[in-house]
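> Before we start, here is the structure in question, set down as structure tokens.
We did not get these values from a lab; they are worked out from the coordinates using the rules stated. Keep in mind it's a predicted model, so treat the numbers as computed, not measured. Cβ: placed from backbone, ideal geometry, glycine included. Neighbour counts: every protein chain shown.
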Amino acid sequence: MMPTCRQVSDLLSERLDRRLRPMERLRLRIHLAMCKACARVEGQLELLRKAMSELPKSRRDS
Amino acid sequence: MTPAVTAAKIDLSELDRHRPYLLKFAMLQLRQKDAAEDVVQDVFLAALKGAQGFAGRSSVRTWLTSILLNKIADYRARAQRETSLDARQEQDAESVDALFQANGTYVSMPQEWRNPEEALGDRRFFEALERCLEGLSPRDARTFLLRELMGLSIDEICKETGVSATNCSVILHRARMRLRACLEARWFAGAAET
């Protein structure tokens, strides 16, 4: 069954903490190919991670 | 992850490398600059005193984070500032639900973020991020910061906080989705207008 955007957001989050199982990766890939909202969220969660890794340095150049 | 360092190698310069991370974590948890600096100072003193106790089983940052969590708990116990914690944790359960409709689609369509790389070069973006972090419940913020700021693994977070792995994933999912929505509202919605 096709996962909902809500379930996909859960997988997108878990992917940042553990390696997804092959079936989870497949479900994710199919949904992302068809859903603009979730494809956006995917990139945005990655940006959030990047921003957090740079947060401690962010005030040094101020 | 930083490679394990033996006790003999831990000195002030090694500790200083982790200082910005410890300080940011403490600031976001305690919300007071003076208190955060005091607590981090305590962590360094304890670390120097206890360097022999560091067996190299974890990274230095994980070890320092563990000490920091204890020092923050001590500080809170002294200041008795945990009175409103329970009330805020009640809100946790609802907040991911609020982002989705009953059929599992987004209540409000996630927008395209313009110039995301540019945001990373803008100090005000990081200020917006900090405001968003302050909007999380203290427990959610702690778990999220342990993962994304201090770089602990899920297993390490479970060990440090006593939260189960499943619960940890639920908290991280909730925190990430709320921060995403908050950044969109606070930063990217405004940035798109200009």
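> Can you tell me the length gained on complete extension of the stretch B:GLN41 to B:GLU117, counting 0.36 nm per residue apart and subtracting the Cα distance?
Net length gain for the segment: 24.0 nm.
> Could I ask something else about it? Got a sec? How would A:MET2, B:MET27 order by Cβ neighbour count within 10 Å, fewest to most?
Ascending number of Cβ neighbours within 10 Å: A:MET2, B:MET27.
> In what sequence, highest mean first, do A:5-13, B:111-119, B:123-131 appear when ranked by Cβ atoms within 10 angstrom?
The packing order, highest mean first, is A:5-13, B:123-131, B:111-119.
> Another question about this same structure. Taking the Cα-to-Cβ direction at A:MET23 and at B:SER153 and moving 7 Å from each Cα, how far apart do the two end points lie in nm?
Distance between the two pseudo-spin positions: 2.5 nm.
> How much mean residue ellipticity at 222 nm does chain B get from its helices, if each DSSP H run of length 4 or more adds -39500 (n - 2.57) and you divide by all residues, to the nearest 500 deg cm²/dmol?
For chain B, the value works out to -21000 deg cm²/dmol.
> Using r as the Cβ-Cβ distance of B:ALA77 and B:GLU14, and R0 as 35 Å, what FRET efficiency do you calculate, to the nearest 0.05?
It comes to 0.75.
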